[in-house]
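The values are calculated or read from the model by the stated rules, or taken from the named source; none is laboratory data. Not measured: the values here are computed from a predicted model. Please note: Cβ atoms are built from the backbone with ideal geometry, for glycine as well, and neighbour counts cover all protein chains shown. Only protein heavy atoms, including side chains, enter the accessible area calculation; ligands, DNA and RNA are left aside. Shrake-Rupley method; radii C 1.70, N 1.55, O 1.52, S 1.80 Å.
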Amino acid sequence: VALPVGYAVDAVIDRGDATLTIPAKVVSYRGLNKPGQPGRVHWNQWLGIGVFFLLGAIALLLLWRGRDRTALGMTLWAVTIVLSAGATDIPAAGWAGLTTMFLAIALYLTARIGFYVMIEAGLARSMSAGWRMVFRVIFVILLTLGALQAFGAQIVRLVTGSSEFMASQYGLILTASYIVPIVMLVMAYPSTAFGERVRARWMLASGIAWVANILLQNSPLLGNMVSGLFIPVLQAAALTGFLYAVLKYRVVDIAVVIDRALVYGLVTSLV
């Protein structure tokens, strides 16, 4: 039944002894595919596709040419993000679906470790060993709390049917471990050597964009629709900045990539 735009109705949901009333309203969504018509890829979906290409480019470049601990951290971060997103989209049910979901959560948490290692290794000459240890302890505590929230919320939902611990306010726990390396960058910037400050600025700007994207994923502060529009934009901006910093400013130790990049790229494309 086609309902007019603006039509509103109250949806009533019985949940145990409580009755919830949720207002629902018909809105216009221009570009929505009609039944029987071929699917159309929208701009935010194109950005999402571009994000995976950028992550793949970062991961392959550093796997191929990366030579230091910063490259190791960035590679771990990029690879686990791609794998976790792929695991999330696997259509599985029952025990297979549960296992896949927990695997995706574990990969998302591992990506935070890679991100932290990347930032900390890049600050080796700008921050004392004592401060690095302090931030490591804070990071481990927040990551542990995030793991308890991520796994615990799913287990509570499966056992009791309650989604209480999956509410947006609890998502801040998951975001907190990503904020730690950004605070490290801000704190270490005044001590960064003059010639390395451009690198630090690129890493800081890209890192802030990435953390803002994670924050909106875990806690859609701008509402689901607006947050969903900003997420792919922030992801694309962050990854473009990271890739540019790697290639232009040598944030990680890589050899010259022009020598065989064209040949390998052509062969890979053909395969």
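Yes or no: ARG201 within 20 Å of PHE115 (Cβ to Cβ) and either under 19 Å from the mean Cα position of the chain (by Cα) or surrounded by fewer than 22 Cβ atoms within 10 Å (Cβ to Cβ) (or both)? For ARG201, the condition - within 20 Å of PHE115 (Cβ to Cβ) and either under 19 Å from the mean Cα position of the chain (by Cα) or surrounded by fewer than 22 Cβ atoms within 10 Å (Cβ to Cβ) (or both) - is met.
So is ARG125 over 19 Å from the mean Cα position of the chain (by Cα), among the basic types (Lys, Arg) and either within 16 Å of LEU109 (Cβ to Cβ) or part of a helix (DSSP H, G or I) (or both) or not? It is false that ARG125 is over 19 Å from the mean Cα position of the chain (by Cα), among the basic types (Lys, Arg) and either within 16 Å of LEU109 (Cβ to Cβ) or part of a helix (DSSP H, G or I) (or both).
Of a type in the set (D, E, K, R), at pLDDT 90 or above and surrounded by fewer than 18 Cβ atoms within 10 Å (Cβ to Cβ): is that true of ARG260 in this structure? Criteria not met by ARG260. Residue count for region 169-195 satisfying the condition of being at pLDDT below 90 and crowded, with 18+ Cβ neighbours inside 10 Å: 3. Just one of the listed residues (ALA147, ALA153) is under 22 Å from LEU98 (Cβ atoms), open to solvent by less than 20 Å² (accessible area, probe 1.4 Å) and either out of contact with any Ser or Thr (no Cβ under 7 Å at 6 or more places or on another chain) or assigned to a helix (DSSP H, G or I) (or both), namely ALA153. Within region 90-110, does at least one residue satisfy the condition of being under 18 Å from the mean Cα position of the chain (by Cα), among the polar types (S, T, N, Q) and open to solvent by 50 Å² or more (accessible area, probe 1.4 Å)? Checked region 90-110: no residue is under 18 Å from the mean Cα position of the chain (by Cα), among the polar types (S, T, N, Q) and open to solvent by 50 Å² or more (accessible area, probe 1.4 Å). Taking the criterion of being within 18 Å of the chain's Cα centre (by Cα) and in contact (Cβ under 8 Å) with a residue 40 or more places away in the chain, would at least one residue in region 130-142 satisfy it? For region 130-142, residues within 18 Å of the chain's Cα centre (by Cα) and in contact (Cβ under 8 Å) with a residue 40 or more places away in the chain: present. Taken as a whole, region 213-236 holds at least one residue that is at pLDDT 75 or above, under 30 Å from ARG125 (Cα atoms) and among the β-branched types (Val, Ile, Thr).
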